[in-house]
Amino acid sequence: MPIVDDLAKGRAILGDLVSGAGRAVVFTGAGISTESGIPDFRSPGGIWSQMEPIYFEDFLLSEQARREDWRRRFEMRKLFSEAQPNAAHRAIASLVESGIVSYVITQNIDGLHQRSGVLDERVIELHGNAVDAACLECAHGMSFDTAQAIIEAEDRAPRCPVCGGLVKARVINFGQPMPVDEMERAEIATDDCDLFVAVGSSLVVYPAAGFPLAAKSHGATLVIVNRDPTDQDMAADYVLRGPIGALFEPLAPT
């Protein structure tokens, strides 16, 4: 498990591994988006140090919790819309377009991979997204603009116009079941890859953090690219430390 903290060496290793891969998968966490100005959730000074998370059960049972959840989503939407994909996002999008990377599995909810050019069908969002909403009963979609208009006009959290069920942002809250389809897609992609690159994740949140180890167990080369140490560094074939955007920059289109 060589730990490389020299930028030039890290770039060279990453470039060589990517160019030699047949079926690469990239797994991303909050660290890739902090360089775009989006704060993470768990580090000191992160979002959860400033406010308590809203649990899924509370969302279901409490109108107050639903209204607060929506208030936070609208704030996040503004933050996310102002953020721009960085060099790492652009590099990954280029690798997907070239066919080297088959899928991007992400814990992030900001939509920056899609905005960098990765097609929706190539992004597997394990924790959902804060871009749109859906009914929890019938899955009928609703835009944030419509949800906001309902809250302002009716002074209540939005309900589904089709079945009357609760409408919620597609973000996975604490205590909410993981999305079955996305988990299955991630498992298939992980089992099939020969290179697994974990980028900007602390690798402590399960079940998502289980995918790098699963890839390794199926024979893939495991690379961890992160600013700080992770719990899975000892399992990796390579650990590249440093600014994520800078490490990926040579792979980004000019």
To make sure I understand the rule: partners must be lysines, Cα under 30 Å from the Cα of Lys216, and not fewer than 8 residues away in the same chain. Which ones qualify? Lys9
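May I ask you to order 105-115, 179-189 by the average number of other C-beta atoms within 10 Å around their residues, highest value first?
Top of the packing list down: 105-115, 179-189.
Within the stretch 158-254, which chymotrypsin sites (Phe, Trp or Tyr not before Pro) sit in a loop by DSSP and count at most 15 neighbouring Cβ atoms inside 10 Å? Intermediate results must be reported in sequence, preceding the final value.
Values: sites: Phe174, Phe196, Tyr238, Phe248; in loops: Phe174.
Listed in order of number, the matching sites are Phe174.
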Rounding to the nearest 10 and keeping the result within 0 to 90°, find how far the Cα-based axis of helix 63-82 lies from the longest principal axis of the chain. 40 degrees
Descending packing, highest mean Cβ count within 10 Å first, for 204-213, 153-162 is 204-213, 153-162
Based on alpha-carbon positions alone, could you give the equivalent ellipsoid semi-axes of the stretch 194-246 from the gyration tensor, as √(5λ), descending, whole Å? 17, 13, 9
With everything on Cα atoms, drop me the angle between helix 87-98 and the longest principal axis of the chain, reported from 0 to 90° to the nearest 10. 80 degrees
List the residues whose amide H sits under 5 Å from the amide H of Thr28, counting only those 5 or more places along or on another chain, with H placed 1.01 Å from N in the peptide plane. Ile105, Thr106, Gln107, Val199
Filtered hits (lysines, Cα-Cα < 24 Å from Lys78, offset >= 8 within chain) -> Lys168
Express the relative contact order of the stretch 200-254 as a whole percentage, based on alpha carbon pairs under 8 Å and six or more residues apart in sequence. 32 percent
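Here, each number is a calculation from the coordinates, and none is a lab measurement. A quick note: this is a predicted structure, and the numbers were derived from the prediction, not measured. Cβ sites come from the backbone with ideal geometry, for glycine too, and all protein chains shown count toward neighbours.
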